[in-house]
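Here's the structure, in structure tokens; my notes come after.
The values are calculated or read from the model by the stated rules, or taken from the named source; none is laboratory data. Here the structure is a predicted model, which means the values were calculated and not measured. Don't worry about glycine lacking a Cβ; one is built from the backbone with ideal geometry, like all the others, and counts go over all protein chains shown. The protein model used for the area step is the full one, side chains on, heavy atoms only, and it has no ligands, DNA or RNA in it. Shrake-Rupley method; radii C 1.70, N 1.55, O 1.52, S 1.80 Å.
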Amino acid sequence: LILLQTQTPKREGHTLGRGRVMSSAALVSVLIPSAVAFGVYIIVFECLRPFYTKFFAPRFTGSDKGSYPYKGPFAWTWGIAFEDEATVLEKSGLDVCVYIRFTAMCSTVMFLFTIVGFLILVPVYATGGNGQDDLLKLGLSNVKQGSDRLWAPAVVMYVYTAIVVYLVQKNYTEIVELRKDAWKKVNSM
């Protein structure tokens, strides 16, 4: 371990221990390959989707004949965004409804966290006065030790927790009702 540490080359920028560097160039070097991989995955999905309708839409009538509810590139996104829950339940089933609801809840949580973070935490961190630069200026390490600004992340943590608890409770109460309705429809047939 000591031998590895002495042979690690010096790098410019701020180190975070063990030779890791935090900079905007490092962030971009991670984001570009991730965006390319995402694009490749979407293209592969869009190319395979029309040929495997039984896999991607098993409950849709006509999926065994190659028919598909949403034809065309990215047409499925409109179905997810604009179909009401009863239609999704009928066409795709309870699992898909719960998955879409869970994904929407996660998206809502991340959107709210981003808004609160950018409106409250980023200004607090950026003006923390600890002399950091580049991306570290936007982090907690830029706030001086013992500063009153350290209360901001603590308060925001409680706000984040309250948001998550409220949304999880609300969504899972609605999911229970959705399951009850789905079971009633199944048992009445």
Next item on the list: Filter the stretch 80-101 down to the residues that are of a type in the set (Asp, Glu) and free of Cβ contacts under 8 Å to residues at least 40 places away in the same chain, then identify the one that is nearest to Val186 (Cα to Cα).
Entry: Glu90
Check: If you check Phe113, Phe56, Phe51, which single one turns out to be modelled with pLDDT of 80 or more and at negative phi?
Finding: Phe113
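Which residue is modelled with the lowest pLDDT, if the candidates are limited to the stretch 64-98 and must be hydroxyl-bearing (Ser, Thr, Tyr) and either exposed (fewer than 13 other Cβ atoms within 10 Å of the Cβ) or within 25 Å of Arg179 (Cα to Cα) (or both)? Give the derivation first.
So in the stretch 64-98, the residues hydroxyl-bearing (Ser, Thr, Tyr) come out as 67-68, 70, 77, 87, 92.
When the remaining residues are screened for being either exposed (fewer than 13 other Cβ atoms within 10 Å of the Cβ) or within 25 Å of Arg179 (Cα to Cα) (or both), the result is 67, 77, 87, 92.
Values: Ser67: 57, Thr77: 81, Thr87: 79, Ser92: 75.
Out of the qualifying residues, it is Ser67.
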Next item on the list: Within the stretch 149-189, work out how many residues are farther than 20 Å from Val88 by Cβ and among the charged types (D, E, K, R).
Entry: 1
Note to self: Can you tell me which of (1) basic (Lys, Arg); (2) over 30 Å from Lys54 (Cβ atoms); (3) surrounded by fewer than 16 Cβ atoms within 10 Å (Cβ to Cβ) is the one Lys137 doesn't meet?
What the structure shows: (3)
Note to self: Checking the structure you have, find out if any residue of the stretch 151-163 is at pLDDT 90 or above, in contact with a helix residue (DSSP H, G or I) (Cβ under 8 Å, 6 or more places away or on another chain) and closer than 30 Å to Phe55 by Cβ.
What the structure shows: no
Checklist line | Single condition Met105 does not satisfy, out of (1) crowded, with 16+ Cβ neighbours inside 10 Å; (2) over 23 Å from the mean Cα position of the chain (by Cα) | finding: (2)
Margin query: For Ala154, only one of the following conditions fails: (1) closer than 30 Å to Val96 by Cα; (2) exposed (fewer than 15 other Cβ atoms within 10 Å of the Cβ). What is its number?
Written below: (1)
Notebook entry, point to check: Within the stretch 157-189, how many residues turn out to be part of a helix (DSSP H, G or I) and open to solvent by 100 Å² or more (accessible area, probe 1.4 Å)?
Noted result: 9
